[in-house]
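Peer 1: Quick one: the structure is below, questions incoming.
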Amino acid sequence: MIVGIDLGTTNSLVAYFADGQPRIIPNRLGKNLTPSVVSVDREGNVYVGETARERMGLYPDSVAQTFKRSMGTERDYVLSGRHFKPEELSSMVLRFLKEDAESFLGEEVTEAVISVPAYFDDKRRKATKRAGELAGLKVERMVSEPTAAAVAYGLYDKTRDTRFLVFDLGGGTFDVSILELYHNILEVRAVAGDNYLGGEDFTQVMARLFLQKAKLQLQDLSEKEQVRLYRQAEKAKCAVSGQNRVSMSFLYKEETLEKEISSKEYEEACEDLLMKIREPVKKSLADAGLKLSDIDEVLLIGGATRLSVVRDFLIRLFRKFPDTKMNPDEAVALGAAVQAAMKERREEVKEVILTDVCSFTLGTEVVVEYEEGKFEDGRFCPIIERNTVIPASHTERLYTARDGQDKVRVRVLQGESRFARNNLFLGELEIQVPKGPKGQESVDVTYTYDINSLLEVEVTVVSTGASQKMIIKGEDSQMTDEEAKKRMEELAYLKIQPRDYEENRLVLTRAERMYEEALGDRRRKLDHYITLFEAALKKGDQNQILETRKALNEALGEEDE
Ligand code: AMP
């Protein structure tokens, strides 16, 4: 079975398709969302999800989160003294989801359709694919998150032609895409986004407001205190929607500080973020050649669209109420599962036709004659422009730039800069041309880009008809099999925890964290229940484990996490 995976910045989900509809697969704790957080301890034990997030408050040096933002970069994460790349951390999340899916479905899962932000460039997509490989998952297809969401919303089921805007504000990334349904074809018309904007920025605004009121500076706080502050700010942020005010408390140097923040204050403080949100909306509309009033429906995706500051802003902007009938956290994973079913060519989804756009401009490097006899090289010539519907095929004719030139080199580049050097190099090919005065010989360069991000480049010499072809697999892995195997061997010291004990591990980690934060009687009480639970675990008596875990959970629950 091919599953659909939403590998999110904050949370990840896995879904499958059965009985004509996509469904979320609960994780080992029975929850739909698995936090995209990884922790590795000194012994090489790996923790993923909620347990890893709990460890943030205890051993911040052992935990990594929001690594999706660095996918495709060389950023080095150090967890308990060991080094990891963003895709390696992502692979641990994927492995966790894979195991949960296998246990739930009762069969091996070796392939997945993974969603990526529409704005992920080639490097980031490759890194995502590698993460899949490291987790033992074949990833032949990636879908852009807004497209997946639109599919989940069942947009293709509509009877009349409609234009939609999918507004996706997740934990750390923001995507806007405009889709058009026309004669039962769902077409992505434009995408735009910001890889550095998301719900976490709204949490930071809350944390800053609190610090201001408490007359504290962030640098006065220890690393653990900062984690706690952030956790409280996150809670306050989620609570403020629909309220006039929220109260936020924070334990600082053995003292509980409590401050009230009004929703008005919060809204004002978010003004800059709302301005930033406006930009990609404008850009996508401009690229699609549409006005705000041309949009028939606005769909909300991503946890942060639950914020009322964001919803109110959108209502003011579009003068209509967004469609919120889906759970914004789940839509992308559900859509990815529909895509997985399409890849399997399941009967139920056969009639759905989807098209996508290429999110970056593809072009080549050229020499430009800016004045008679004066040349400038290194300029970028777009061939398939950003937001062109794919599959697409475009041809550009290029002329020789020098007298006696006997070959033409086509460098394949991706990006938006006027200068070739600023764009991403994908490959190159060279072809011989008959010598002659400059401008006499020419080549036709044809780029063909398909739905699976395969770019075919063909160069034909106009005078001789000679041609050369090259295929660039946009989403292919850069890592050779050997390299992947080697790195997997290097990572073999990692001990993946058996999934059965996750609940025990989570309770214990949470209890340890709350013990550190507690004082006096409460601390002694927690110690008592932790000791009982640990004794039961040592003995391995299942009934006793369940009993003492329940008691410990109750003791923990007395105080809001
Ligand atoms: P996602 O990446 O789509 O899982 O979105 C995660 C983001 O959504 C995080 O920044 C969360 O704080 C935010 N979020 C989740 N639930 C809520 C809520 N009820 N109100 C405000 N923000 C939320």
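Peer 1: Residues to consider are A331, A269, A286; find the one that is touching a strand residue (DSSP E or B) at 6+ places or on another chain (Cβ under 7 Å) and small (G, A, S).
Peer 2: A331
Peer 1: Identify, from the list K224, K264, the residue that is part of a helix (DSSP H, G or I), crowded, with 16+ Cβ neighbours inside 10 Å and not hydroxyl-bearing (S, T, Y).
Peer 2: Answer to the selection: K224.
Peer 1: Looking at the structure I just gave you, is V37 touching a helix residue (DSSP H, G or I) at 6+ places or on another chain (Cβ under 6 Å), of a type in the set (V, I, T) and either more than 21 Å from E502 (Cα to Cα) or within 13 Å of the ligand (Cβ to nearest atom) (or both)?
Peer 2: Values: touching a helix residue (DSSP H, G or I) at 6+ places or on another chain (Cβ under 6 Å): yes; of a type in the set (V, I, T): yes; either more than 21 Å from E502 (Cα to Cα) or within 13 Å of the ligand (Cβ to nearest atom) (or both): yes.
So V37 passes the test.
Peer 1: Return the residues of the stretch 400-437 that are of a type in the set (V, I, T) and out of contact with any Lys or Arg (no Cβ under 7 Å at 6 or more places or on another chain); say none if nothing qualifies. Steps first, please.
Peer 2: Within the stretch 400-437, the subset of a type in the set (V, I, T) is 400, 408, 410, 412, 431, 433.
Answer for the stretch 400-437, where residues must be of a type in the set (V, I, T) and out of contact with any Lys or Arg (no Cβ under 7 Å at 6 or more places or on another chain): V408, V410, V412.
Peer 1: May I ask you to say which residue of V298, V309, V349 is within 16 Å of the ligand (Cβ to nearest atom) and touching a helix residue (DSSP H, G or I) at 6+ places or on another chain (Cβ under 7 Å)?
Peer 2: That would be V309, the only listed residue that is within 16 Å of the ligand (Cβ to nearest atom) and touching a helix residue (DSSP H, G or I) at 6+ places or on another chain (Cβ under 7 Å).
Peer 1: Additional query: Kindly indicate whether K320 is more than 19 Å from the chain's Cα centre (by Cα), surrounded by fewer than 17 Cβ atoms within 10 Å (Cβ to Cβ) and either touching a residue at least 40 places away in the same chain (Cβ under 8 Å) or assigned to a helix (DSSP H, G or I) (or both).
Peer 2: no
Peer 1: Restricting attention to the stretch 1-34, which residues are among the polar types (S, T, N, Q) and not in a loop (DSSP other than H, G, I, E, B)?
Peer 2: If the condition is that a residue be among the polar types (S, T, N, Q) and not in a loop (DSSP other than H, G, I, E, B), then N11, S12, Q21, T34 are the ones that fit.
Peer 1: Right, another one. Taking the stretch 43-80 on its own, how many of its residues are part of a loop (DSSP other than H, G, I, E, B), farther than 24 Å from K126 by Cα and modelled with pLDDT of 95 or more?
Peer 2: 1
Peer 1: Where the second residue is of a type in the set (S, T, Y) and modelled with pLDDT of 95 or more and the first is away from the ligand (no atom under 14 Å from the Cβ) and lies in the stretch 1-18, which pairs have Cβ atoms under 6 Å and are six or more apart or on separate chains?
Peer 2: V3/Y16
Peer 1: Further question: Given the condition of a type outside the set (G, A, S), under 22 Å from the mean Cα position of the chain (by Cα), more than 26 Å from L491 (Cβ to Cβ) and surrounded by fewer than 24 Cβ atoms within 10 Å (Cβ to Cβ), answer yes or no: does some residue in the stretch 165-188 qualify? Walk me through how you get there before you give the answer.
Peer 2: If we filter the stretch 165-188 for residues that are of a type outside the set (G, A, S), which is where we start, we get 165-169, 173-176, 178-188.
From the residues that got through so far, the ones that are under 22 Å from the mean Cα position of the chain (by Cα) too are 165-169, 173-176, 178-179, 187-188.
After this cut, where a residue has to be more than 26 Å from L491 (Cβ to Cβ) as well, the list is 165-169, 173-176, 178-179, 187-188.
This time we only want the ones that are surrounded by fewer than 24 Cβ atoms within 10 Å (Cβ to Cβ), so: 187.
Among the residues of the stretch 165-188, at least one is of a type outside the set (G, A, S), under 22 Å from the mean Cα position of the chain (by Cα), more than 26 Å from L491 (Cβ to Cβ) and surrounded by fewer than 24 Cβ atoms within 10 Å (Cβ to Cβ), which makes the answer yes.
Peer 1: Quick test for you: out of L229, L197, L211, L169, pick the one residue that is free of Cβ contacts under 8 Å to residues at least 24 places away in the same chain and within 16 Å of the ligand (Cβ to nearest atom).
Peer 2: Exactly one of L229, L197, L211, L169 is free of Cβ contacts under 8 Å to residues at least 24 places away in the same chain and within 16 Å of the ligand (Cβ to nearest atom), namely L229.
The values are calculated or read from the model by the stated rules, or taken from the named source; none is laboratory data. These numbers come from a predicted model, not from an experiment. Every residue, glycine among them, receives a Cβ derived from its backbone with ideal geometry; neighbour counts consider all protein chains shown.
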